[in-house]
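Please read the structure below before turning to the comments.
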């Protein structure tokens, strides 16, 4: 009886600590989404930043950026995944915006990549900046700063090394270490998701089974004619859609969100320890009335959200992106680490753009697409930048805009954090 009472008291204490934004256990913080969304507020850029710069990217026939996917910023370069209808490549620019060349060799021969699907940047031992590119078939190629292919791992090699059939993400830890997020079966109903730390030969250094692959209830709607042609019993089909855990790197740690996205875990000091043994919960997301019902019982008029694969983290804050279930609308939440408070980021009343109010030079509303070291970065296409500069009182924006045409490459907005 005594042991039962102790268990009940412990459960009550834990439940009581889950209210508000104070930590529900030591070093675990609550992100109160409901309170934030019900009290959307302006956030000034000067709260976190001290300086802003506008860097136009050089433009010529070889440096033409198409549809821009992933972007990566380092101490030395800017990297962009540029896609068109038939191909996808990685382009590199210097920190002052000068074109520095195409990364990777494209084709079907040895050391060549057919289509750049994902990429990462790392520094091998000795400090050499290298780029890893994976294609649509999950082959992985590593190129050095001279654009020489150092390693070419076929998907079959990766499968043999890890005993996994589907690789959903590859990233760099630094040095000669990488992480792989994979599934050990192509059958989502039985597949486990496994996180690997591997070396430059893809030999396993550490691994962690994350459990069954998560699924989310989804709906697909067909016209009556298509439903009849496909011999469907209904024009609305419900199915379980698999989705991978979401990972990002912060300092020497790996952050991961799995399942319904209620808890953000951290594998700590992975780079130095070469191990995935130190895992702990650091943030718990309290959705409140905005919680998504995974049994699809939410009515269309009820505002419910789920965590999207968008996150940024600095020493001062974490930004998470969420998507409303019944529409394509997005909202963004900022958790201030020092204040232990969660904010929903408000759209600017003049432009309608979501972001930080730029009170540094009264220029463009700032919305970061990347955080690296003590910098945040935004990418603005030339046409939008010219239009925004006309409406702005920022002398620096107007000066840069005067050098642009509608065909110019985008402008990188660089912000220095305090």
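Brief remarks on what is shown
- Test for residue 364: is it under 23 Å from residue 70 (Cα atoms), loosely packed, with under 15 Cβ neighbours inside 10 Å and more than 19 Å from the chain's Cα centre (by Cα): no
- Among the residues making up the stretch 244-266, those that are crowded, with 16+ Cβ neighbours inside 10 Å and under 15 Å from residue 174 (Cα atoms) are 248, 249, 250, 253, 254.
- Selected residue (only one of 140, 150, 136, 91 is under 22 Å from residue 67 (Cβ atoms) and touching a strand residue (DSSP E or B) at 6+ places or on another chain (Cβ under 7 Å)): 91
- Verdict on residue 416 being surrounded by fewer than 20 Cβ atoms within 10 Å (Cβ to Cβ) and part of a loop (DSSP other than H, G, I, E, B): no
- Restricting attention to the stretch 48-72, the residues being without any contact (Cβ under 8 Å) to a residue 40 or more places away in the chain and either more than 16 Å from residue 102 (Cβ to Cβ) or part of a strand (DSSP E or B) (or both) number 2.
- Candidates 330, 414: the one that is modelled with pLDDT of 95 or more, in contact with a strand residue (DSSP E or B) (Cβ under 7 Å, 6 or more places away or on another chain) and under 30 Å from residue 253 (Cα atoms) is 414.
- Only one entry of 41, 61, 84, 50 meets the criterion of being at pLDDT 95 or above, out of contact with any helix residue (DSSP H, G or I) (no Cβ under 6 Å at 6 or more places or on another chain) and surrounded by fewer than 15 Cβ atoms within 10 Å (Cβ to Cβ), and that entry is 50.
- The stretch 184-199, residues that are surrounded by fewer than 22 Cβ atoms within 10 Å (Cβ to Cβ), touching a residue at least 24 places away in the same chain (Cβ under 8 Å) and not in a loop (DSSP other than H, G, I, E, B): 194
- Strands (runs of 3 or more DSSP E) lying entirely in the stretch 79-161 (those with 2 or more residues that are within 22 Å of the chain's Cα centre (by Cα)): 88-94, 118-123, 129-134, 140-143
- Those residues of the stretch 392-413 which are under 29 Å from the mean Cα position of the chain (by Cα), surrounded by 15 or more Cβ atoms within 10 Å (Cβ to Cβ) and assigned to a loop (DSSP other than H, G, I, E, B), in sequence order: 408, 409, 410
- Strands (runs of 3 or more DSSP E) (entirely within the stretch 337-385) containing at least 1 residues that are over 18 Å from residue 321 (Cα atoms) and modelled with pLDDT of 95 or more: 375-380
- All conditions but one from (1) touching a residue at least 12 places away in the same chain (Cβ under 8 Å); (2) loosely packed, with under 15 Cβ neighbours inside 10 Å apply to residue 156; the one that does not is (1).
- Residue, modelled with the lowest pLDDT, within the stretch 220-235, restricted to residues that are on the phi < 0 side of the Ramachandran plot and loosely packed, with under 11 Cβ neighbours inside 10 Å: 230
- Yes/no for residue 172 being buried (at least 16 other Cβ atoms within 10 Å of the Cβ), closer than 30 Å to residue 55 by Cα and at pLDDT below 90: yes
- Residue 202 meets the conditions (1) under 21 Å from residue 130 (Cα atoms); (2) modelled with pLDDT under 90; (3) part of a strand (DSSP E or B) in every case but one. The failed one is (3).
- Residue in the stretch 368-377 that is at negative phi and in contact with a helix residue (DSSP H, G or I) (Cβ under 8 Å, 6 or more places away or on another chain) present: no
- Some residue of the stretch 346-359 being touching a residue at least 60 places away in the same chain (Cβ under 8 Å) and either closer than 23 Å to residue 254 by Cα or under 14 Å from the mean Cα position of the chain (by Cα) (or both): no
The values are calculated or read from the model by the stated rules, or taken from the named source; none is laboratory data. Being a predicted model, the structure only gives us computed values, none of them experimental. We place every Cβ from the backbone using ideal geometry, glycine too, and count neighbours over all the protein chains shown.
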